[in-house]
Structures are given as structure tokens and as C-alpha cells.
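Chemist: The structure that follows is given in the form of C-alpha cells.
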Amino acid sequence: MSDYYQKNYKAYHEKTFSIDPTSFLAPLAQRLPHEAFVLDVGCGSGRDLIWMKKRGFDVIGFERSPGLAELARANADCEVIEGDFETYDFSSIFVDGLMLVGALVHVPHERFPEVFKNITSAIPDNGSVLITLKEGSGDMTGSDGRIFYLWEDSKAREMFKSLGFKVRDFSSAVSKTGSGDIWLSYVLDKKG
């Protein structure tokens, strides 16, 4: 997927940057202490970093695509780490909260728990995570060739529970890009 997002980073930015993220970011923002340190994994061109920063949070981004990372730095005026979240050691970062907005939709189901555990090693017990997943079963290939791994709510909840997380907030909504996809949005707390 890194090739898609590197080759198409400008088009991806134009398609997603103007979307108002309030509906899925506000539930996380309400759970975090004022001025919490928040890591946005798969930050894209920085839309969600800007939203959190405007609300007083200290933010840092993480992005695999160099083109998107550069846009995020320019747009959000914050540090953005470039790397692959499947191999990066997140235990070296300490943050109060994590944002995974659409970040893990390309991770196959069988690898998801390992990748999720690695990323969430950046938060302490009782830390909060926002994660959004596409609803459905199995996987689908988009018209642009990207493979998306889909989740049923009950299976996602079972997985989060097995990984030591409690669902604190949930919503589902039709994609704001006009694709018709349904997004499942969870705010999770890491059990202590």
C-alpha cells in the first residue's frame, strides 16, 4: 500500500483533507486529559493532527508515505515520524492517546492483533485509542487496486477484548468521501 499512497499522495490529500473529522475525533478528545500527548498513526496529510492541535492537545504524527508526511508537517506544523507501523517499535514512544483513523484497514485479519499490540505499546494502562475500521466481512479490492480488510462489529469487539481493551464509545457512519462504505469508529481504553 505504501506505493499507492506515495504515488497518489496529492490526490489522496485532496479527497480527504477537507472532511470534517469532528464526529469521530470528539469522542476521543473528550476522554483525554487537557493538553494530552496524542500520536496519530497513519496521519495522512495532517487533517486530524490540526483538529486535535486546535483543541489544545500536543500532537505527533506517524506516516509511511514521505509525500503525505511532508504535507502533514507543513499543514499541522508538528513532528511527523516517517516509518512503517508494521515494523516500527512503538514502545519507544510514550503518549496519552492514539489515533488510528483508517490506518489499519489494509492490515490482513491474521496480522492485525500483532500490529495493533505493537502500536498500542505506546500508551500506558488506561490510555485511550481511537480506531476506525471498514464494516463488512472478508476483504475487498477497490477500483484503485487497494485491498481493504473488513470487520463485523461483533468480531472487532471480541478482538479488542482479547487484546486487553474495553470499548468506551462506538459509532458507525457512511463514508464522507461518497463511497458508500460504512466506517466503524471505536474509542478504546487499555485495561490496567
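The values are calculated or read from the model by the stated rules, or taken from the named source; none is laboratory data. Since this is a predicted model, take the numbers as computed values, not measurements. No Cβ is skipped: glycine too gets one built from the backbone with ideal geometry, and neighbour counts run over all protein chains shown.
Chemist: In the list PHE85, PHE116, which residue meets the criterion of being part of a loop (DSSP other than H, G, I, E, B), of a type outside the set (A, V, I, L, M) and surrounded by 14 or more Cβ atoms within 10 Å (Cβ to Cβ)?
Modeler: Only one candidate passes the filter, namely PHE85.
Chemist: Here is a follow-up. In this structure, is PHE37 modelled with pLDDT of 95 or more and out of contact with any Leu (no Cβ under 7 Å at 6 or more places or on another chain)? Write out each step before concluding.
Modeler: Numbers: modelled with pLDDT of 95 or more: yes; out of contact with any Leu (no Cβ under 7 Å at 6 or more places or on another chain): yes.
Yes: the conditions hold for PHE37.
Chemist: I've got another one for you. Take the conditions of a type in the set (Lys, Arg), within 14 Å of LEU184 (Cβ to Cβ) and either at pLDDT 95 or above or not in a loop (DSSP other than H, G, I, E, B) (or both) and apply them to LYS134. Does it pass? So that I can check it myself, show each step before the final result.
Modeler: Details: of a type in the set (Lys, Arg): yes; within 14 Å of LEU184 (Cβ to Cβ): yes; either at pLDDT 95 or above or not in a loop (DSSP other than H, G, I, E, B) (or both): yes.
The answer is yes for LYS134.
Chemist: Might you check whether a residue that is in a strand (DSSP E or B), touching a Lys or Arg at 6+ places or on another chain (Cβ under 7 Å) and within 17 Å of PRO108 (Cα to Cα) occurs anywhere in segment 141-149?
Modeler: Yes, some residue in segment 141-149 is in a strand (DSSP E or B), touching a Lys or Arg at 6+ places or on another chain (Cβ under 7 Å) and within 17 Å of PRO108 (Cα to Cα).
Chemist: Among the residues of segment 63-82, how many are in contact with an Asp or Glu (Cβ under 7 Å, 6 or more places away or on another chain), touching a residue at least 24 places away in the same chain (Cβ under 8 Å) and not in a helix (DSSP H, G or I)?
Modeler: Total meeting the criteria: 2.
Chemist: Considering ALA156, ALA173, ALA122, which residue is part of a helix (DSSP H, G or I) and under 24 Å from GLN30 (Cα atoms)?
Modeler: The unique qualifying residue is ALA156.
Chemist: Let me ask another. Can you name the number of the only condition in (1) farther than 24 Å from GLU35 by Cβ; (2) in contact with a strand residue (DSSP E or B) (Cβ under 9 Å, 6 or more places away or on another chain); (3) surrounded by 13 or more Cβ atoms within 10 Å (Cβ to Cβ) that SER128 fails?
Modeler: (1)
Chemist: Let me ask something additional. Select from segment 1-34 the residues that are in contact with a helix residue (DSSP H, G or I) (Cβ under 8 Å, 6 or more places away or on another chain), of a type outside the set (A, V, I, L, M, F, W, C), modelled with pLDDT of 85 or more and part of a helix (DSSP H, G or I) and list them in ascending order.
Modeler: Selection gives THR22 alone.
Chemist: What residue, of ASP77, ASP125, is farther than 21 Å from LEU150 by Cα and in contact with a helix residue (DSSP H, G or I) (Cβ under 9 Å, 6 or more places away or on another chain)?
Modeler: ASP77
Chemist: Next question. Looking only at residues in segment 148-161 that are among the hydrophobic types (A, V, I, L, M, F, W, C) and over 16 Å from ILE182 (Cα atoms), which one is surrounded by the fewest Cβ atoms within 10 Å (Cβ to Cβ)?
Modeler: MET159
Chemist: Restricting attention to segment 37-59, and to residues there that are within 15 Å of THR120 (Cα to Cα) and among the aliphatic types (A, V, I, L, M), which single residue is surrounded by the fewest Cβ atoms within 10 Å (Cβ to Cβ)?
Modeler: Checking each candidate, the answer is LEU39.
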